[in-house]
1. Residue check: is D129 under 21 Å from D76 (Cβ atoms), outside any loop (DSSP other than H, G, I, E, B) and in contact with a strand residue (DSSP E or B) (Cβ under 8 Å, 6 or more places away or on another chain)?
2. Restricting the search to segment 35-72, which residues are in contact (Cβ under 8 Å) with a residue 12 or more places away in the chain, more than 21 Å from K133 (Cβ to Cβ) and out of contact with any Leu (no Cβ under 9 Å at 6 or more places or on another chain)?
3. Could you tell me whether segment 37-44 includes any residue that is part of a strand (DSSP E or B) and farther than 16 Å from A139 by Cα?
4. Of all residues in segment 109-126, which are more than 18 Å from K69 (Cα to Cα) and either within 16 Å of the chain's Cα centre (by Cα) or not in a loop (DSSP other than H, G, I, E, B) (or both)?
5. How many of the residues in segment 115-130 are over 23 Å from K49 (Cβ atoms), out of contact with any Ser or Thr (no Cβ under 9 Å at 6 or more places or on another chain) and either surrounded by fewer than 16 Cβ atoms within 10 Å (Cβ to Cβ) or not small (G, A, S) (or both)?
6. Which ones in segment 131-149 are within 23 Å of A43 (Cα to Cα), surrounded by 15 or more Cβ atoms within 10 Å (Cβ to Cβ) and without any contact (Cβ under 8 Å) to a residue 40 or more places away in the chain?
7. For segment 78-101, state whether one or more residues are over 26 Å from T137 (Cβ atoms) and not aliphatic (A, V, I, L, M).
Amino acid sequence: MKLSYKKSDESGFILALTITVILILTAAAILVLSLGANQKQLADQISGKRMVAYYRSQAGLVDAQWRIKANSLTLDVGGPLTGVISAGASSTAEDFTNDDWDPDKYYINLDNNTTSLERRANIDDVEVDIGKKVSGTRAIDCVGYDTNG
């Protein structure tokens, strides 16, 4: 004797179960992939690379402020700090007393406290760009690099 049991309202149960399992697995895969994508960013934050770059740029800002205040143009490598004087300037002096003088960017190696006009990869820690005077102030742009990896 053979028993057979089939109820008409259970015919879509396997399909619904399969779709539910696929959705759960897809959500889990998306979660794992998003965690993996953020791993480098989290590692950088834990190692402090952003903080290193921030404090190096602050060191460049202090150096630039000192150079402006002391009117110091001396660099250790590549000669003195040079730049461009705007057309029609009242002064031709290439120093910080001339409001129209726009000095070239320079680079600082914090390990041995040297400066240069050319960036030396994996050596220089800070890029400093002092702008010409506009409305009584000079813009100072500093970028700190993490040269340790």
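1. Values: under 21 Å from D76 (Cβ atoms): yes; outside any loop (DSSP other than H, G, I, E, B): yes; in contact with a strand residue (DSSP E or B) (Cβ under 8 Å, 6 or more places away or on another chain): yes.
For D129, the condition - under 21 Å from D76 (Cβ atoms), outside any loop (DSSP other than H, G, I, E, B) and in contact with a strand residue (DSSP E or B) (Cβ under 8 Å, 6 or more places away or on another chain) - is met.
2. Taking segment 35-72 as the starting set, the residues that turn out to be in contact (Cβ under 8 Å) with a residue 12 or more places away in the chain are 49, 52-61, 63-65, 67-68, 71.
Narrowing further to those that are more than 21 Å from K133 (Cβ to Cβ): 49, 52-59.
Result: K49, V52, A53, Y54, Y55, S57, Q58.
3. Step one: of segment 37-44, the residues part of a strand (DSSP E or B) are none.
No, segment 37-44 contains no residue that is part of a strand (DSSP E or B) and farther than 16 Å from A139 by Cα.
4. Keep residues of segment 109-126 that are more than 18 Å from K69 (Cα to Cα), which gives 109-114, 116-126.
If the condition is that a residue be more than 18 Å from K69 (Cα to Cα) and either within 16 Å of the chain's Cα centre (by Cα) or not in a loop (DSSP other than H, G, I, E, B) (or both), then N109, T114, S116, A121, N122, D124, D125, V126 are the ones that fit.
5. Keep residues of segment 115-130 that are over 23 Å from K49 (Cβ atoms), which gives 115-118, 130.
Of the ones still in play, those that are also out of contact with any Ser or Thr (no Cβ under 9 Å at 6 or more places or on another chain) are 116, 118, 130.
Then drop every residue that is not either surrounded by fewer than 16 Cβ atoms within 10 Å (Cβ to Cβ) or not small (G, A, S) (or both), which leaves 118, 130.
Residues meeting the conditions: 2.
6. Initially, segment 131-149 is screened for residues within 23 Å of A43 (Cα to Cα), giving 143-149.
If we keep only those that are surrounded by 15 or more Cβ atoms within 10 Å (Cβ to Cβ) too, we end up with 143-147.
Listed by number, the list holds a single entry, T147.
7. Of segment 78-101, the ones over 26 Å from T137 (Cβ atoms) are 78-79.
Among the residues that remain, those that are also not aliphatic (A, V, I, L, M) are: 78-79.
Yes, segment 78-101 contains a residue that is over 26 Å from T137 (Cβ atoms) and not aliphatic (A, V, I, L, M).
Yes/no matrix, rows are residues, columns are (1) touching a strand residue (DSSP E or B) at 6+ places or on another chain (Cβ under 8 Å); (2) of a type in the set (K, R); (3) assigned by TED's automatic domain parsing to the domain that holds E127:
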residue	(1), (2), (3)
T20	no, no, no
T26	no, no, no
G36	no, no, no
A53	yes, no, yes
R56	yes, yes, yes
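The values are calculated or read from the model by the stated rules, or taken from the named source; none is laboratory data. It should be emphasised that the depicted structure is a prediction, and the values quoted were computed from it without experimental measurement. Methodologically, a virtual Cβ is constructed for each residue, glycine included, from the backbone with ideal geometry; neighbour enumeration extends over all protein chains shown.
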